[in-house]
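The values are calculated or read from the model by the stated rules, or taken from the named source; none is laboratory data. In this text the structure is predicted, and so the values were computed from the model without any measurement. Methodologically, a virtual Cβ is constructed for each residue, glycine included, from the backbone with ideal geometry; neighbour enumeration extends over all protein chains shown.
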Amino acid sequence: MKFDHPAFPLLGRLLMVYVFVTSGIAKLFSWQANIQYISTRHLPMIPVLLAIAASIEIGGSICLITGYRAREAAFVMFVYMIGVTLLFHNYWAASGSLAGQQETHFRKNLAIMGGLLILAYSGPGRWSLGKDSNQ
């Protein structure tokens, strides 16, 4: 069985981007609630950080959907996910059922980060606006 149809990378990009585009839009439409949530981590310049997060999630999603500069976007999103995962899903500092929920989110983020690294390495595939030497 061959898995080399040009639609596969596009479908993978679309599936991966769902979590980012919905999260980025939610950040914009629930701005105050997100500021309150982020403030629980005692970070500086929360509105600026929130704007950066929304920009990475929405802008990166556009790049992944279209395939334009997808390698770069995937790598930026990978680095972004390191910080998000360590700051907001630190299950080792939680207790009770919250620890289990955070560990699940932590593991989910690791899987997404793996997909982003694969995309950064292999490129967006043939069905994309981005053309690179591996296609």
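Structure values in brief
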read-out	value
Conditions (1) free of Cβ contacts under 8 Å to residues at least 40 places away in the same chain; (2) within 16 Å of Ala74 (Cβ to Cβ); (3) of a type in the set (D, E, K, R): number failed by Lys27	(2)
Helices (runs of 4 or more DSSP H) enclosed by the stretch 1-111 - at least 2 residues per element that are of a type in the set (D, E, K, R) and buried (at least 16 other Cβ atoms within 10 Å of the Cβ)	7-29
Cβ pairs under 7 Å, 6+ apart, first in the stretch 65-84 and farther than 29 Å from Leu43 by Cα and β-branched (Val, Ile, Thr), second surrounded by fewer than 18 Cβ atoms within 10 Å (Cβ to Cβ) and at pLDDT below 95	Thr66/Leu129
Matching residues, the stretch 90-111, being closer than 22 Å to Phe78 by Cα and among the small types (Gly, Ala, Ser)	Ala111
Of residues in the stretch 117-135 being outside any helix (DSSP H, G or I), touching a helix residue (DSSP H, G or I) at 6+ places or on another chain (Cβ under 9 Å) and under 11 Å from Arg71 (Cα atoms), the one modelled with the lowest pLDDT	Asp132
Filtered residue count, the stretch 29-56, keeping only those that are more than 16 Å from the chain's Cα centre (by Cα) and of a type outside the set (Ser, Thr, Tyr)	16
